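Here the structure comes first, spelled out in C-alpha cells, and everything after it is commentary.
Rule-based calculations on the coordinates, nothing more; no lab input. Being a predicted model, the structure only gives us computed values, none of them experimental. We place every Cβ from the backbone using ideal geometry, glycine too, and count neighbours over all the protein chains shown.
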Amino acid sequence: MKASENNEQAGREAIEKTANGNDSSELAVSMEGPETQAAAYSAFTKSQKRWITPIAALAGWFSTASSFIFFPVIPFLAQGLGVSVQNVNLTVTSYLIASGVFPSVTGSVADRYGRRLAFVVSLGVYAAANLGLALQHSFPVLFVLRMLQSAAISGKGLA
C-alpha cells in the first residue's frame, strides 16, 4: 500500500473507534515530516495540467475583455441600432449589475453540481451570448445578451 492509503486507512480506523466510543481520547495525528509524506495527488496528467492552466487564465481574461472592449463601439452601436447613446450605456450598467449578482448564483451552482460542470457551462453560455451579440440587430436583444454575457462569465472564477 502507498503511504497515502496507509494514512487514509489509519484515519478511517480512528474515526470508527471514536464513533464507537472506543479510544476516544486518542487523536489521529500524523507525525510524518515532509520527506516521508507521499507526493501530492492529482487526477490530471502532466499534459492535462499544462492545458488547464492557460485555458483557465484565458477564461479569467474574458471578463475584463468583455467589459472594456465594448466602450469604443458605443456611439456606433447607438447609431446602428437607432437608439440614443444613453440607452446603449444602460447595457454597460446592466453588465455591471449582472457581474455583481451572478457570482453568488454561479458559486452555489458550482458547490451543488461541481466546479468543472459550472465552468464548462459558463464558458458555453458566454460563447453563445457572444455569438448572439455578433448577430443581433435590436436594442432589447443587445440589452438581454449583454446581461447574459456578464452572468455567464462573471461567475466562472468561482467555478
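Worth pointing out:
- In plain terms, the chain from ARG116 to HIS137 could stretch by 4.2 nm, reckoned as 0.36 nm per residue minus the Cα-Cα distance.
- Most positive-pole-ward Cα, SER138, VAL120, SER84, against dipole of segment 46-154 from beta carbon charges: VAL120
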